[in-house]
Amino acid sequence: MHFDSFKGQTTHVFSRGKRNIVPVSEFSCALEDATDGRGFFKLSKLTDLLLNLPIKSQMPHFENILQALTVSLDEERWPRALVEKLALLWERFDSVLPRRLHEDTIRLWLKSPQASQIPNLDDRDNDFIISHTPLILFRADSRVFKSPPHLKCFCRLLAFYLAASRDANYLKLTRAIAYNTKSEMAEKEELLRSFIGTQRLAVVQVFIELCDGDPKNIPNLEEIQQILCSQIHQFFIADTHLPKLVHFNMYPLRLIPVIVKKVPSTHVLINSINELLTGGNLERRIFTIVLMTELLENGI
């Protein structure tokens with residue numbers, strides 16, 4: 001339904017002192033109309049008003065924004081501009097209530113019919129999600145990974161849970177100091193570093209897989225690749241061993257140009273070419289030659 005169909009509608013914004021207030025009930029009704037296919041004009045206008053309010057006036061709409069962001073995964077029907085505004089509000093909540101925001105968001109996305117179902121999810125606490133990070137997060141609604149605004153939110157959510165997982169494990173390690181010798185602690189610290197490295201490797205491998213696809217089937221593929229490659233770049237900077245490890249494990253040859261062009265930190269691989277060439281089978285050597293060619297063509 002076209003926006004012009006709703007030009008006659010009005011929205012009510014009340015003033016409290018010198019500040020405007022968007023009634024939660026009115027926003028809920030507008031969200032219900034949009035969800036039921038009765039148009040987006042009113043919801044879009046209320047969202048614009050909400051964006052101009054201070055965070056204190058936005059917080060009462062916390063649940064509605066989460067619900068709207070989840071419903072808007074049906075991106076073919078929802079206006080892109082509106083989805084981006086909802087994502088912007090989500091990011092503002094991230095600066096105030098990050099833990100609650102991420103917990104509630106991932107539960108909504110994991111409970112979606114388009115998600116890989118997790119048994120008894122309602123009975124799981126947040127520690128369960130932290131302990132199974134990052135793999136459990138990628139079982140969220142598959143549409144998240146095809147929508148740039150939602151994908152940006154997912155990346156922030158993933159970073160939160162990776163940090164929470166790391167901190168939880170370091171806390172366990174700290175508590176174990178009193179019961180272990182120095183050599184035992186050194187061994188456990190090394191194991192923890194390896195575990196964190198394995199988590200990062202798993203994330204990067206999934207991100208690379210998500211970069212694959214046909215632009216005809218995924219209209220926003222170029223933008224999605226840019227978001228994911230930006231995240232991969234940050235992982236490579238944080239862990240200098242990761243680029244070589246990722247490429248030692250390899251990925252489809254057709255994605256090498258994408259990764260080399262969109263991940264600036266891949267330039268460090270030029271120092272590992274000999275090791276990749278001499279340390280593998282024929283398949284890895286072919287992969288390395290294609291990688292080297294792409295690096296040279298891009299002036300790295």
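Only the coordinates and a few stated rules stand behind these numbers; no lab work does. Keep in mind that this is a model prediction, so the values were computed, not measured. Ideal geometry is used to build each Cβ from the backbone, glycine not excepted, and the neighbour counts take in all protein chains shown.
Normalised by the number of residues in the chain, what is the relative contact order in percent for Cα pairs under 8 Å and 6+ residues apart? For the chain, the relative contact order is 10 percent. Dividing the summed -39500 (n - 2.57) terms of all DSSP H runs of n ≥ 4 by the residue count of the chain sets its mean residue ellipticity at 222 nm at -19500 deg cm²/dmol.
The fewest-to-most ranking of S183, S272 by surrounding Cβ atoms within 10 Å reads S183, S272. For the chain, the square roots of the Cα gyration tensor eigenvalues, ordered a ≥ b ≥ c, give a/c of at least 1.5 with a/b no greater than b/c, which places it in the oblate category.
Note on the chain: dipole from Cβ charges, positive end direction compared against P54, L192, T288; the farthest Cα belongs to P54.
Determine which lysines satisfy two conditions relative to K146: a Cα distance under 23 Å, and not lying fewer than 8 residues away in the same chain. Straight-line reach from K146, under 23 Å: K85, K111, K216, K261, K262. Around the amide H of I21, modelled in the peptide plane, lie the amide H atoms of F14, S15, R16, all under 5 Å away and 5 or more residues distant in sequence or on another chain. Arranged from fewest to most other beta-carbon atoms within 10 Å of their beta carbon, F154, F235 become F235, F154. Under a model in which nothing but the beta-carbon of Lys, Arg (+1) and Asp, Glu (-1) is charged, the range 184-300 shows a dipole of about 200 debye around its Cα centre. Applying a DSSP loop filter and a limit of 14 other Cβ atoms within 10 Å to the trypsin sites (Lys or Arg not before Pro) in the range 145-250 leaves K216.
Judged by the gyration tensor of its Cα atoms, with axes a ≥ b ≥ c, the range 92-197 is prolate; a/c meets the 1.5 cut and a/b is the larger of a/b and b/c. Taking a straight line from the alpha carbon of K188, these lysines sit under 26 Å away, with near neighbours fewer than eight places off in the same chain left out: K172, K244. Build a GNM of the chain with springs between Cα atoms under 10 Å apart, and of T174, T133, T35 the one that fluctuates most is T174. Relative to the Cα centre, the charge distribution of the chain, modelled as +1 at Lys and Arg Cβ and -1 at Asp and Glu Cβ, gives a dipole magnitude of about 640 debye.
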